[in-house]
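Written below as structure tokens is the structure these notes are about.
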Amino acid sequence: MTNEHPGGTAGTLIIGAGEAGLQLAVSLRQKGYTDPVTLIGAEDQSPYQRPPLSKAFLGGDMDEENLALRTEEFYSKHEIDVLPGTRVTDIVLDEEGHGGLATTSRDGAISFSKLALTTGSRPRKLNLPGKDLDGICYLRGIPDARSLRTRLAKASRVVVIGGGFIGLEAAAAARQRGLAVTVVETFDRLLQRVAAPPISDFYKKAHEKRGIDIILGSGVTSLHGSDKKVSGVELSDGTVIPADLVIVGIGVEPRTELAEKLGLACDRGIIVDSGARTSNPDIVAAGDCTIQPHPRYPAESIRVESVQNAVDQAKIAASSLLGHPSPAPAVPWFWSDQGDLKLQIAGLSNGYDDFLIRGEPDTEHFTVLYYRDGHFIAADAVNSPHDFMAAKRALTLGSTIDRSRATETGLPLKALIGEPSTESLRN
Ligand SMILES: Cc1cc2nc3c(=O)[nH]c(=O)nc-3n(C[C@H](O)[C@H](O)[C@H](O)COP(=O)(O)OP(=O)(O)OC[C@H]3O[C@@H](n4cnc5c(N)ncnc54)[C@H](O)[C@@H]3O)c2cc1C
């Protein structure tokens, strides 16, 4: 069966019904696009929020029905055709390269005149002896979170492999349920990939204070089991930590297989330009699956795994598909709730050569400000929303924050924002 749209217009096909795919569809409609829009997703649910899966949902404070990003009425009102539970398995472009046909897992094919890839990422998997034992869990989608929530209710000893955001959020949720929790991290500090040492040290101390054991600088060599169920985690020094539940949070891999089939350039993600165009400029891509340039981080292309990036890049992709000028790139920002600790990040600290600490980490309210070549580039604010807002504002304006007075906590950070640069970003 081929899905031909009425009037002979094939319309836009968006593959991947997550934050990026949904925003792309919405932005097309907001910009006045009237041809058909089809949003196709392999998961059984219509687009939903992932962040609560490792926070309120896992902790039992939020239900599944509150995860949906939009209602079914919204989709029908805006004529967005959402096809959940449907995987695109192949795509053939027509000879002119302006449209084509996508084959789906549902015994059908969909023709399109414009194509967008918002295929996201998947959790990186452990490849160790014992990796398939029952009780070894990953956390990406609703089925994972549902199963983990049920398992947490029955577990007593949890080992979390990976001291990044998802691992620490899941560890905090498990600990709040009163379980014995150990976090194992290969690097010698937590959040090594994304934050400076004071943030890593703070989180280690704060989680330990709340009863979580943290083991740093230790690899996992195998998973032990009995009766096909996990019973322990063996570390590189031979220690075995008993566990009846193991949560793995060791990063994600971009889903690039369709892009590769189409011959698009990929390197740790689908390579896109500042207009979210792939190496075939008629095809756009957005969200976790991409690697992109950013005017504030000219030294390297970046892969950003965040809701903000998925949403803002999708808006840019929609403009490119319609031949409109791109909106200015936005300031990257992110948050992580680990129990009662709220971390808000503005900007990207990659390549910082200096940082300073505003406030006292022991109070659990403080901010780390990052500088490169004397210019402010990012902030990590722990339980300090005003500092976060000021930092985001400074980055939006392209201003610096006066480092000589930034540690004066009696002075609001917003009072230290310098003159705007000529290249402001979007808020
Ligand atoms: C547990 C968890 C907590 C998080 N917490 C935060 C947070 O606190 N703050 C934050 O900013 N970010 C957070 N993130 C990250 C954030 O959720 C992601 O960066 C964002 O959802 C990426 O959106 P996306 O649309 O690019 O990709 P995804 O949400 O991965 O969506 C891509 C979709 O494409 C589908 N797909 C892939 N291939 C095909 C195909 N061939 N056919 C059909 N469909 C396909 C996938 O099934 C998937 O549904 C969290 C992520 C997780 C998993």
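Given a cut-off of under 8 Å on Cα pairs at least six residues apart, what relative contact order in percent is computed for the chain?
Averaging sequence separation for qualifying contacts and normalising by length gives 13 percent for the chain.
Straight distance only, please: which aspartates and glutamates reach the Cα of residue 229 with their own Cα at less than 15 Å, same-chain residues fewer than 8 apart left out?
Excluding near neighbours in sequence, the set is 132, 134, 244.
Tell me which residues come under 5 Å, amide H to amide H, from residue 121 once H is placed; ignore anything under 5 positions away on its chain.
255
Please list, in order along region 11-17, the HN-Hα scalar couplings obtained from phi with the Karplus expression 6.51 cos²θ - 1.76 cosθ + 1.60 (θ = phi - 60°), rounded to whole Hz, x for Gly and Pro.
These are the phi-based 3J(HN,Hα) values: x, 9, 10, 10, 9, x, 9 Hz.
Check residue 270: other-chain or 5+ apart residues with amide H under 5 Å from its amide H, H built from backbone geometry?
290, 291
Is it possible to state the helix-based mean residue ellipticity at 222 nm for the chain, with each DSSP H run of 4+ residues giving -39500 (n - 2.57), the sum divided by total residues, to the nearest 500 deg cm²/dmol? What is it?
That calculation yields -6500 deg cm²/dmol at 222 nm.
Under 30 Å Cα-Cα from residue 342, which lysines qualify once same-chain neighbours fewer than 8 residues away are excluded?
55, 125, 154, 204, 205, 209, 315, 392, 414
Please compute the net charge surrounding residue 335, taking Lys and Arg as +1 and Asp and Glu as -1 over other residues with Cβ under 12 Å from its Cβ.
So the surrounding residues net to 0.
Over the Cα atoms of the chain, how large are the radius of gyration and the largest Cα-Cα distance (Dmax), in Å?
Spelled out, the Cα radius of gyration and Dmax of the chain are 22.7, 67 Å.
Each reported figure results from applying straightforward, stated rules to the coordinates on display, with no laboratory input. Keep in mind the model is a prediction, meaning the values are calculated, not measured. Note: ideal-geometry Cβ built from the backbone for every residue, glycine included; neighbour counts use all protein chains shown.
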